[in-house]
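Where a number appears in this text, it was derived from the coordinates with a stated rule and is not lab data. Because the structure is predicted, anything quoted here is derived from the model rather than measured. Backbone-built Cβ (ideal geometry, glycine too); neighbour counts: all protein chains shown.
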Amino acid sequence: MTRIAVIGAGITGVTTAFQLHQRGMEVVVYDRHRYAAMETSFANGGQLSASNAEVWNTWATVLKGIKWMLQSDAPLLVSPKPSWHKISWMTEFLANIPKYRANTVETTRLAIKARALHMEMAEQAGVDFDFSPAGILHFYKKDRDMAHARRVTKLLGEGGLDRRELTPDEVARIEPRLKGGIVGGFWTESDSTGDIHKYTVGLAQWLEQQGVTFALGEDVTDVVAGDDAVTVTRASGAEKFDGIVVSAGVASRQFARQLGDRVNIYPVKGYSITVNLRDTRSQDAAPMVSLLDDDAKIVTSRLGRDRFRIAGTAEFNGINRDIRADRIAPLVRWCETHFPDVSTASVVPWAGLRPMMPNMMPRVGAGRNARVFYNTGHGHLGWTLSAATAEVVAGCVHSAMRESSNLATQGFRFKSV
Ligand SMILES: Cc1cc2nc3c(=O)[nH]c(=O)nc-3n(C[C@H](O)[C@H](O)[C@H](O)COP(=O)(O)OP(=O)(O)OC[C@H]3O[C@@H](n4cnc5c(N)ncnc54)[C@H](O)[C@@H]3O)c2cc1C
């Protein structure tokens, strides 16, 4: 039986393991943590949002970013400490501005494709992840931002997404609890939300029952790909596989380097708060639909009756997981401004690193060595896109391995490309 190693038990690694297992391969998933989904797939914004498929590569984002650099509580923070990694990433980000349109349309298509696949996996594994199909509402406080959203809606439409413009009254009808000077909104009824951590852990547990091995608490130090096998090394020893899929979040760049590939992921830090809705008043006052405040770059999800997740901000500061009080405070303030009757007495802060490619597109498919594959770099949309990219990468692995065994039976060696 073909043996494949998957590095990383976040949402991308676990969904990849599901798809590889479905295709009859023997799978070992490695993670340095003792449990699945302990890094970026822990407490994100919860949105399964085709409506958020717009890539960030525009001159408008760059200008906004420069303005925000002068504002201490802005959604974007760039550490002034220079690094080649940051400079190379930002240069490539600018170089991808001409691909803004094509990449936005392609991301929308992938996000739509992922929806049914996510549901299929959850149903098959019987995972309860506080799923809510209640839709996602983008709301705006400036006419200028509404005009931009209209242009984005056209691109999302090219990718197959139906998103409807709303008047302020219609916004109030869809989410009557939302307060603030709102000039309009956009409504995506087909979008949804759910708890990424519950989903990933539930799927991992089910896969383990089906025979997938989870080597947890195993810090992988080296990966080496040759013509005949891939070797994965961690403290307890080395193991050989027919192939490898790298889904190691922000660590994927370092593994890619070992494997002779360049995957220029930058860790873009974001924060979330989970507001515990402990009393009936707060439960009634928190929104039932998922929100996206485009100006503040904040997303929200209602996770069951008693949790309200608020997430946002982008911080360019290398591999740094510190939870800064001055970045959490704006999220709490946002909650108190827009939902004044929700108690913020119990708030759980979190920070995670988005594994972001400069063109904002995930890296999915084969590496230079024919036994090496990637499903990583999903940035701000890993929850939304992972089900679709897992299917794509598993398909690539499956055909490559079949081809290799055909060549082997004909007496050929499996050569690196
Ligand atoms: C604040 C915030 C809000 C977000 N909101 C949304 C949202 O609403 N919707 C959405 O679609 N996306 C959202 N995202 C993005 C999404 O959460 C990520 O894209 C996704 O979780 C990335 O998953 P991953 O599997 O690639 O990485 P991870 O979940 O980080 O998994 C990688 C795994 O690799 C393991 N690993 C790394 N190095 C090693 C090693 N040496 N040995 C063994 N194991 C190793 C790690 O331990 C980790 O478990 C948000 C992100 C943030 C930060």
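Label separation (VAL332 vs ARG257): 3.8 nm, computed from points 7 Å beyond Cα along the C-beta direction.
Taking Cα atoms only, the orientation of helix 196-209 departs from the longest principal axis of the chain by about 30 degrees.
Say a paramagnetic label sat at a point 7 Å from the Cα of ARG368, along Cα to Cβ; which residues of segment 235-262 have their backbone N under 14 Å from it? Label zone hits: 255-262.
To the nearest 10 degrees, how steeply does helix 325-338 sit against the main Cα axis of the chain, on a 0 to 90 scale? Here the helix axis deviates by roughly 50 degrees.
In percent, how large is the relative contact order of the chain, given Cα pairs closer than 8 Å and 6 or more residues apart?
25
What the Cβ-Cβ distance of HIS85 and ARG144 gives, at R0 = 35 Å and to the nearest 0.05, is a FRET efficiency of 0.55.
For the chain, the longest principal axis of the alpha carbon atoms and the long axis of helix 382-409 meet at an angle near 10°. Based on the Cβ-Cβ distance of GLU123 and ASP284, what FRET efficiency does E = 1/(1 + (r/R0)^6) give at R0 = 35 Å, to the nearest 0.05? Step by step, r from the Cβ atoms, then E = 0.70. Counting only Cα atoms, segment 238-284 measures 56, 25, 16 Å along its principal axes, largest extent leading.
Gyration tensor over the Cα atoms of segment 163-204: the corresponding equivalent ellipsoid has semi-axes (square roots of 5 times the eigenvalues, largest first) of 31, 12, 7 Å. Among the listed pairs LYS113/LYS179; LYS113/LYS141; LYS64/LYS141; LYS154/LYS297; LYS240/LYS269; LYS64/LYS297, those with a Cα-Cα distance over 22 Å are LYS113/LYS179; LYS113/LYS141; LYS240/LYS269. In deg cm²/dmol and to the nearest 500, what is the mean residue ellipticity at 222 nm of the chain if only DSSP H runs of at least 4 residues count, each as -39500 (n - 2.57), divided by the residue total? Only helices count here, giving -11500 deg cm²/dmol.
Across all directions, the shadow cast by the convex hull of the chain built on its C-alpha atoms averages 19.8 square nanometres.
Compactness of segment 290-330, taken as the C-alpha radius of gyration over 2.2 N^0.38 Å, stands at 1.36.
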